[in-house]
Amino acid sequence: MLFNSHNSDNIEIRPRFKLFSDFGSEEILEKISKALPEQSDVVGIVKGTHAFLRIQESKEHYWSPVMEVVVEKDEDDIKKTSIRCLLGPKPSIWMMLMFIYVGVGVFSVFGGMYGLAKWNLGKESIFIWAFPVGLFIFGIIYFTSKYGQRKGRDQMLHLVSFLYHAIDDGNLVRL
């Protein structure tokens with residue numbers, strides 16, 4: 001299977017994988033640069049050792065993925081080139097999810113500690129509910145992100161397929 005990172009039992013929000021090629025890093029980045037104008041659905045830029053790929057704006061939706069590709073010489077075998085790929089939501093969506101996670105986490109911990117301190121003193125406090133409410137909100141955020149990942153699955157597969165076809169290496173190995 002080309003890309004197996006969307007199983008229902010997989011908890012990964014930002015799938016990542018690694019490829020190894022016999023081509024040099026400059027050659028791989030050049031192949032990606034040349035393939036971009038030929039593709040109508042994928043747009044991107046190549047800067048240094050990185051390539052940033054995304055779906056064309058007219059076909060994008062809220063949950064459309066982006067792909068970061070890092071190409072560099074392999075540390076273990078200098079004859080091989082390592083291609084690290086990271087797929088995920090747009091940076092603005094990712095930042096929003098992380099901001100909500102951190103905010104809910106901070107509220108849950110400090111609110112819960114305050115509620116437990118009051119409870120230990122024999123006083124009632126609504127903050128005792130901060131832990132379970134925080135866990136519930138974490139669950140909602142997680143399942144929302146999984147919904148978004150499932151909604152962007154076809155576009156994610158399209159980005160991965162574009163990368164494989166752009167590199168066009170018969171000896172490409174996925175780790």
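The values are calculated or read from the model by the stated rules, or taken from the named source; none is laboratory data. Because the structure is a prediction, the values reported are computed rather than measured. Using ideal geometry, Cβ is built from the backbone for each residue, glycine included, and neighbour counts are taken over all protein chains shown.
Of the residues making up the stretch 12-33, those that are in contact (Cβ under 8 Å) with a residue 24 or more places away in the chain and outside any strand (DSSP E or B) are 13, 14, 15, 22, 23, 24, 25, 28, 29, 31, 32. Residues that are without any contact (Cβ under 8 Å) to a residue 24 or more places away in the chain, surrounded by 18 or more Cβ atoms within 10 Å (Cβ to Cβ), within 18 Å of residue 172 (Cβ to Cβ) and not aromatic (Phe, Trp, Tyr) occur in the stretch 50-64; there is at least one.
Residue-by-condition table, conditions (1) at pLDDT 95 or above; (2) within 16 Å of the chain's Cα centre (by Cα):
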residue: 105; (1), (2): yes, no
residue: 129; (1), (2): yes, no
residue: 141; (1), (2): no, yes
residue: 155; (1), (2): yes, yes
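Per the conditions (1) free of Cβ contacts under 8 Å to residues at least 40 places away in the same chain; (2) touching a strand residue (DSSP E or B) at 6+ places or on another chain (Cβ under 9 Å); (3) not hydroxyl-bearing (Ser, Thr, Tyr), the sole criterion not satisfied by residue 159 is (1). Of the residues making up the stretch 130-160, those that are under 23 Å from residue 18 (Cα atoms) and surrounded by fewer than 14 Cβ atoms within 10 Å (Cβ to Cβ) are 150, 154.
Looking across the stretch 34-47, the residues that are of a type in the set (D, E, K, R) and either part of a helix (DSSP H, G or I) or at pLDDT 95 or above (or both) come down to 34, 38, 47. Among the residues of the stretch 3-20, is there at least one that is in the same structural domain as residue 165 (by TED's automatic domain parsing) and among the polar types (S, T, N, Q)? No: the stretch 3-20 contains no residue that is in the same structural domain as residue 165 (by TED's automatic domain parsing) and among the polar types (S, T, N, Q).
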